[in-house]
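As structure tokens, the structure follows; a few thoughts come after it.
Each reported figure results from applying straightforward, stated rules to the coordinates on display, with no laboratory input. Source: prediction; values computed, not measured. Every residue, glycine as well, gets a Cβ built from its backbone with ideal geometry; the counts of neighbours run over all protein chains shown.
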Amino acid sequence: MSKSLQTDENGGVSESPSNCTYCYTLECSLRIESTSSIKKKTPISSKSAIMTVGRNAQRKIHLQIELKTTATGQPAVVCYDVTDAVVHLQSVANGKCTVEIPSLSLMFQMFNCAPRKLNVFMKSLQAKLDIMKMEKSPISAVPRQFSRPPAVFSVLSPLTISEMRKVKKLREPSALARPSKEATTPKRRTSSMNLLAGGLENRIMNRSIGLKRTTSFARDDREKAETLVSLKSFKDAPAISERIQLSDEQKSVVRCVINSRTSVFFTGSAGTGKSVILRRIIEMLPAGNTYITAATGVAASQIGGITLHAFCGFRYENSTPEQCLKQVLRQNHMVRQWKQCSHLIIDEISMIDRDFFEALEYVARTVRNNDKPFGGIQLIITGDFFQLPPVSKDEPVFCFESEAWSRCIQKTIVLKNVKRQNDNVFVKILNNVRVGKCDFKSADILKESSKNQFPSSVIPTKLCTHSDDADRINSSSIETTQGDAKTFHAYDDESFDTHAKARTLAQKKLVLKVGAQVMLIKNIDVIKGLCNGSRGFVEKFSENGNPMIRFVSQADASIEIRRSKFSVRIPGSDAPLIRRQLPLQLAWAISIHKSQGMTLDCAEISLERVFADGQAYVALSRARSLAAIRIIGFDASCVRANSKVIDFYKSIEAECDDEQDWEAPAAGPRLKRVRSI
């Protein structure tokens, strides 16, 4: 990171990576091309550029570009007037964007950007340009001296409350339809004075293709009140910041990954927000050289990535690391992929065994010709070793037992605050079950849950230890449900079906009937309890043919569900593969393995056939509270944890406590400066 960027962040021009709501300095790869058909110039390309938005002495908006050159080792700095710039945001979610300056006949193509920073950077620039064109007045700025170039250049100030209101008013449909000065603005559904500044800023900054929040439901153009009930009126709608709020503990993980560039393993019990942290990190890392993987297809689908086995390019079963290397070297595209990778994300690390991890580390060092741990790749690893272990016929051997693990992992963070459950009694029981303990009192409380009752129209989801059992229950249940079946086919990109690595939770074909038991497979409105795993049933089908779902968390109204976008980022592809399908699946039953990452509000658990350490804990920890589960035939003998995992966590928690005690004086003031996201 260059010195100038560090100065901006410290000075407040660019926020903390865990709290990015404004950004006027951006690191990216850049290509500058001439759009003139008369005087064509040679394009300029740079893999490492720093772009800063500011103003010159005449208070015109300028874009300062700092290119790192290999010839002299000194950066080259140049400024461009972007008063008439045209911003193209179609690929912002993929870390790409284009800015065209017609007056200069130039086009700037940015790629390999952190999607979230790029989104905020471009939206901030566009907002300032819109305000300037509307008022034809200078743009306010925060004075900031630069050593290069010597001319006056000041970084733009963050959007003020007044400016945000102007942008919001300017972008209203009525303003676009009637741009004349005599045009009046229709009465709003709420006064802008009642809106919090942070919420308004977030709504403006998150209006990009791909990064905007998913709407709670798709509205009929006519908005018929009798067929659709709004989750929340506009005046009461929570801001984006409320929906994705990170705790101080979670923010510290994001800062550690983004700022330090060290390999990090963050872990914690179920419900501590590991997936939320991981999604924020993905948004903050350059899209071009960040590879998103997980140990299983289900976990990979949750974060829009691929399996680690698909990424690595070799089959390691019964193979030595040298044999794995030969497999990779025979595939030129895999060699390029390993060399291009700078950040490797691995989710559900508990299911990766020692031999596979050692083979990965050896291949990374050798292919990249880099003797640093893992070939110099930054590892961002998460998971809970107390949950499902590696699949093995014998005693499982965890990746933390390998010598490569201790060499590669430079920082370990243990999350303590549980977000999923707010029932203190249930949280205490889960903490004991996690380490293989279940006293008589806890056992009695869990057995009492067999008497729990649920709404008569909602059948609790059975958590099965085997996937075949769950598939069989769902198939037979939908067939025996009376009524006409309605089939929903997914809309896929052309190359989706042909790509073997493309996996998603959304089904290619989904068959529903009135009365079918379903669950969400994607977060829609977390505040309202409509999240991944929320239960409900099909009450009817709307005039548009979409299912109207009566959810347990929204028992007073049914909600129309339409197709959502599910993306999978495939290595080597310029854009992610997209599937559009209803974010639903049949929910009479689900396997414990596939329930990882879900929050169930209506479940029935039978642990009689538990066959792996941690399986009982995974099943129990899916529920929000004791009232959300019904446990059939509970026996304390099914609660067990691996002794090696227990010893491992004792060691890392002791180390983390020592580090926190040592860093406490410096960490305190920093947390106080953190603003809400």
Quick one: Karplus J couplings for the stretch 82-94, per residue in order, coefficients 6.51, -1.76, 1.60, θ = phi - 60°, nearest Hz, x for Gly and Pro?
10, 4, 9, 5, 10, 9, 10, 10, 4, 10, 4, 5, 9
So the pair-distance distribution of the stretch 263-325, from every Cα-Cα distance in 10 Å bins, comes to percents of 18, 43, 28, 10
Going through the stretch 512-585, which GluC sites (Glu not before Pro) have at most 13 other Cβ atoms within 10 Å and a DSSP loop state?
Glu543
Computed lengthening from Ala627 to Ile527, 0.36 nm per intervening residue step minus Cα-Cα distance:
34.1 nm
Report the label-to-label distance for Lys393 and Glu655 in nanometres (one decimal), using points 7 Å from each Cα along the Cα→Cβ vector.
3.4 nm
Distance in nm between pseudo-label sites at Ser319 and Val86 (7 Å out along the Cβ direction from Cα)
4.9 nm
With an 8 Å cut-off on Cα pairs and a minimum separation of 6 or more residues, tell me the relative contact order of the stretch 582-647 in percent.
37 percent
Which cross-chain or sequence-distant (5 or more) residues have an amide H under 5 Å from the amide H of Thr412, H modelled 1.01 Å from N in plane?
Phe265
Inter-site label distance for Ser495 and Ser637 at 7 Å from Cα along Cβ, in nm
5.4 nm
Give the residue list of GluC sites (Glu not before Pro) in the stretch 253-350 that are DSSP loop and have at most 16 other beta-carbon atoms within 10 angstrom.
Glu317
With R₀ set to 22 angstrom, the calculated FRET efficiency between the beta-carbons of Leu104 and Ser162, to the nearest 0.05, is 0.10
Step through the residues of the stretch 54-68 one at a time and calculate ³J(HN,Hα) from phi using the Karplus curve (6.51 cos²θ - 1.76 cosθ + 1.60, θ = phi - 60°), rounding each to whole Hz and writing x for Gly and Pro.
x, 9, 9, 5, 8, 6, 8, 6, 10, 10, 8, 10, 10, 9, 8
Go through 121-127, 340-346, 616-622 and give me the packing order, highest mean Cβ count within 10 Å leading.
616-622, 121-127, 340-346
Would you mind putting 478-488, 329-339, 272-282 in packing order, based on average other-beta-carbon counts within 10 Å, highest first?
272-282, 329-339, 478-488
